[in-house]
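To start, the structure itself, in structure tokens.
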Amino acid sequence: MLDIKLIREDPAAVERALATRGAAVSLAPVLAVDTDRRRLVTEAEELKAVRNRASEAIGQAKRRSEDAQAAMAQMREVSDRIKELDALVKEADARLEALLLEIPNLPHASVPVGRSADDNVEVRRCSTSRSARRSASSTSIGRARSPRRVSR
């Protein structure tokens with residue numbers, strides 16, 4: 001799975017790299033979900049900061065024996081909104097992950113550009129050809145590799 005930071009920093013380069021692989025992928029939906037998710041996270045974090053400051057103020061008001069019911073009611077509303085935002089962030093995370101899982105990995109820079117495996121360049125051949133393998137009989141190979149029999 002690609003890192004969202006890479007996509008966020010240079011989406012054009014990611015799309016070009018995916019095009020060399022033969023994948024026509026649009027990153028616009030990924031970026032839209034990411035932007036929406038980041039906005040929700042920011043709003044939730046700001047409300048959490050407000051809730052923390054208000055909790056401190058409510059605690060001080062209670063220590064001074066002042067009435068803090070209005071502030072507590074307002075913080076209940078803020079807490080409900082935070083719960084809603086956290087649920088929306090969780091949904092956005094799931095959508096973002098689903099979109100990122102659909103994007104193939106980027107090819108390495110050394111990989112030649114081509115439409116299929118037939119366009120690949122052969123660098124070296126590691127095994128022998130089939131005709132060379134057929135020339136040796138299976139019995140001669142078996143005798144050469146079999147362990148010595150030990151009589152008991």
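The values are calculated or read from the model by the stated rules, or taken from the named source; none is laboratory data. Note that this is a predicted model, so its numbers are computed, not measured. Cβ atoms come from the backbone with ideal geometry, glycine included; neighbour counts cover every protein chain shown.
Let's see how each residue does on (1) surrounded by 15 or more Cβ atoms within 10 Å (Cβ to Cβ); (2) free of Cβ contacts under 8 Å to residues at least 24 places away in the same chain:
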site	(1), (2)
32	no, yes
46	no, yes
103	yes, no
115	no, no
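Got a number for residues in the range 43-91 being touching a helix residue (DSSP H, G or I) at 6+ places or on another chain (Cβ under 7 Å) and among the acidic types (Asp, Glu)?
2
Would you point out the residue of the range 22-44, among those that are assigned to a helix (DSSP H, G or I) and among the hydrophobic types (A, V, I, L, M, F, W, C), that is farthest from residue 6 (Cα to Cα)? Walk me through it before giving the result.
Step one: of the range 22-44, the residues assigned to a helix (DSSP H, G or I) are 28-44.
So of that shortlist, the ones also among the hydrophobic types (A, V, I, L, M, F, W, C) come out as 28, 30-33, 40-41, 44.
Details: 28: 14, 30: 12, 31: 11, 32: 15, 33: 15, 40: 21, 41: 20, 44: 25 Å.
If we take residues in the range 22-44 being assigned to a helix (DSSP H, G or I) and among the hydrophobic types (A, V, I, L, M, F, W, C), then 44 is farthest from residue 6 (Cα to Cα).
Could you look through the range 51-79, keep only residues that are part of a helix (DSSP H, G or I) and either of a type in the set (S, T, N, Q) or modelled with pLDDT of 95 or more (or both), and pick out the one that is farthest from residue 33 (Cα to Cα)? Can you show your working first?
Residues of the range 51-79 part of a helix (DSSP H, G or I): 51-63, 69-79.
From the residues that got through so far, the ones that are either of a type in the set (S, T, N, Q) or modelled with pLDDT of 95 or more (or both) too are 52, 55, 60, 69, 74, 79.
On the way: 52: 28, 55: 33, 60: 41, 69: 39, 74: 30, 79: 24 Å.
My answer is 60.
In contact (Cβ under 8 Å) with a residue 12 or more places away in the chain and surrounded by 13 or more Cβ atoms within 10 Å (Cβ to Cβ), is that true of residue 89? Show your work before the answer.
Working: in contact (Cβ under 8 Å) with a residue 12 or more places away in the chain: yes; surrounded by 13 or more Cβ atoms within 10 Å (Cβ to Cβ): yes.
When the stated conditions are applied, residue 89 passes them.
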